[in-house]
Structures are given as C-alpha cells and as structure tokens.
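S.K.: This structure is in structure tokens; I'll ask about it shortly.
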Amino acid sequence: VILQSVIKRIQSQNSTDWLGLLVFSLSTPSSHSCQPEQLGMHSTALTRSFQRGIPQASRMQRHVQSSATPQKVATTDLQPVQLENINNFRDLADSCGHIQKGRVLRCAKPSEASPADADALLKAAGIRDLIDLRANDELAEDPQPSHLFSQATLRRYQRSWLGAQVRPAPGSNYLAPVVHHQVSLLERYRFYYSLLFHIPTTSLVSSMALRLLNPEASRQILLKHVNQGGLGLLYRIIVDSAAPEVGCVLRLVQAGLEARRPVLVFCKAGKDRTGIICALLAVCSGATEAEILDDYTKSDAYHQVALAGIEKKPELRGLDMSVFERAPAHAMHTLLEHWKQVYGGPEEYMERACGFSREHQARMRELLTRESS
C-alpha cells in the first residue's frame, strides 16, 4: 500500500521525494538494463545476483543496414559551413587529426535552424541522418514548424522490456530520404536508479533516516552529492545506464558512413551527451587523449545546462548551474578514467557494455580515417 501511494505521488511528476523517485525507478522497465559493472559497483555478491539472466546488447543490424557496398569509405565534398541559428557547431575532424573532414559533424539542438542552415546541412553537406540524443520532453519544446526537422522523418528508438535491445518504435519509416533518429541517452528515472550506486552508503542511510522527519533535509543530502559530483558524476551515470542506447548510436553513425554521407550528432547543448558519443568515435579513430579533450573543451564557450529536463524538476531545486553549464577538461578526463577503471578502457566499454565489437570499431576507424576513393 505504501509503495503504491509513493508511485502515485511520483507519477504526478511533481514530487521532491528523492527516495520515492529511486524506488519508483526500480519499477520502471527502462531502468533494468544496467549491469552492476556498468554502474561502477564493486560488490561481487551484488554483481553476481544482478548479472543473472541479463542478455547482451543487441547488435540491431537489421535496423541500420545500408544499401551501400561495405567496402566503400564515407566521403563528402563538404565545404566550411556557415550557420546562422545553430550553436556549438563543428567538425569532429577539427580536433582529431586522423578523422577526415566532413565525416562527423556535431552541434547543439538544430531545431531553430534557418532555411539557409537547413539547406547547408541537407543540400550542401548531404546529411541524411540527424542523430538526436535528447529525451521526449526536450523534443516537445522544439518550435513548430522546424525548417530542418520538417524535412526529415522522425524515427524514435525504444528499449525492450528487459532493456538490452534498442529498436525503432513500431511504424517507423525505413525508406525516408532524411531521417531524424531519436535515441535518448538520459532519462529521469534511469538517472535516479543509477544514482543509487554512486552515492556513499552512509549518505544514503542518512537521507533515508531523515526522509519522514525532514524531507527537505533528506533531499539536500543527495543534492549535495549531485553538485559535488558535477559533470563527472553525470557522465558516469549516462555511460553506465545508457549503454544499449550508446551502442545504437554508434551503429547509426556507422551505417551513415557506410552509405558515404556525413552524419550530424546533437543533443540540447551539444556538449554532454554529444561529447560522450564523439569521444567514443574519436577513440575508434585512434585519437589521443589530448585530441579528445581538445574537442570536448571547445564546448566550454557555450554555457547551457542540459540534463534532459531533469534540471527543471523540483527534486533538483538548488542544482549548481555554474557547474553543469561548463565543459572543463577534467570532466572528460574523469569519464576516460571511469572507462579504464570499470571496464578496462573505452574500447572494452563499447564491446562489453554496448555490443559494439572490436570488428565494428575497426571498421568505424576505417570509415572515419580513410581518404575518399
């Protein structure tokens, strides 16, 4: 009865009860996809109990098949693009010397693109795959109509009940010339579920003890850890809780490059979720850590908090916006160290957690780095 009452409160979307949110996240199908090693857990007993029966991430091959010959390398005649209403735009090759120009472009949300911007991306650059890492709530905020998105067919990707597979939603159009792929890397309840494994036990117990006596004090204890953890904590939560989605995005990028056309990857600010994906693509290309950090920190000039709308929820009232609007080198360095300590490295993370094998990584490197033939 108590659990049902908590769920009803959380479903109102207005609760500030942190522990209630955590409890509710456990009953949400999308939260069941994380293996303990993906959450940075070091308890052997818990790891064994959670790993039983959790399948590997699906390769999802039939959903990203390209009609292009696999031996071909992506190419584009892209010239320097001048955009009017799209922020934080750049070519991944600007920082990663091994990557050919015009293969992977990144930016903040292009929903307010001008007609000239849309023409530059779709006609001049030849982009046919718009890979959107935002959540549904963020897409709902887009202005209507959008000059860019109105020329593309939206294809949403969803998890299966067990959370190990990410597939296009029923009714997706596979023949559309321009596709707006939506693969959300950050969801509210997935965030709180993962937060369970990143908070010290003493703080979690203290917050639980105060929950009934002083809910605000309970909330402040957990908020303190979120602010102290900053972007490093956020990135660890994303990569640990959204591994199936990350694998899906990598396969979408590879399919676009196999079809000999550039891809555009973006989220709301184009720095956090986009930064994670671009870091993995840079790793596939053989980029150095210095090159990865150089690409990431270019977003530091564009100050915007973008936590999939979670930052607007009452439970995060008091979030230190000055921390989450930046893109400092130490945040990406923290993520690179997390991949090494928990998975053995970003390559192992892609293979073990995302289902993006070493063969796929080698092919991605070829597609990113080989000159056009």
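The values are calculated or read from the model by the stated rules, or taken from the named source; none is laboratory data. The model shown is predicted, which means the values in this text are computed figures rather than measured ones. Positions of Cβ are generated from backbone atoms using ideal geometry, with glycine treated the same way; all protein chains shown enter the neighbour counts. For the accessible areas, the whole protein counts, side chains as well, though only heavy atoms, and no ligand, DNA or RNA atoms are used. Shrake-Rupley method; radii C 1.70, N 1.55, O 1.52, S 1.80 Å.
S.K.: Which residue is nearest to residue 352 (Cα to Cα), if the candidates are limited to region 207-261 and must be of a type in the set (A, V, I, L, M), part of a loop (DSSP other than H, G, I, E, B) and free of Cβ contacts under 8 Å to residues at least 24 places away in the same chain? Walk me through how you get there before you give the answer.
M.R.: At the first step, the residues of region 207-261 found to be of a type in the set (A, V, I, L, M) are 208-210, 212-213, 217, 221-223, 226, 231, 233-234, 237-239, 242-243, 246, 249-250, 252-253, 255, 257, 259.
Checking the rest, the ones that are also part of a loop (DSSP other than H, G, I, E, B) come to 212-213, 242, 259.
Then drop every residue that is not free of Cβ contacts under 8 Å to residues at least 24 places away in the same chain, which leaves 212-213.
Values: 212: 41, 213: 43 Å.
My answer is 212.
S.K.: Moving to a separate point now. Looking only at region 320-337, decide whether some residue is farther than 20 Å from residue 272 by Cβ and open to solvent by 50 Å² or more (accessible area, probe 1.4 Å).
M.R.: We begin by selecting, within region 320-337, every residue farther than 20 Å from residue 272 by Cβ; these are none.
No - not one qualifying residue is present in region 320-337.
S.K.: Among the residues of region 128-149, are any touching a residue at least 12 places away in the same chain (Cβ under 8 Å), in a strand (DSSP E or B) and of a type in the set (S, T, N, Q)?
M.R.: No, there is no match, as no residue in region 128-149 is touching a residue at least 12 places away in the same chain (Cβ under 8 Å), in a strand (DSSP E or B) and of a type in the set (S, T, N, Q).
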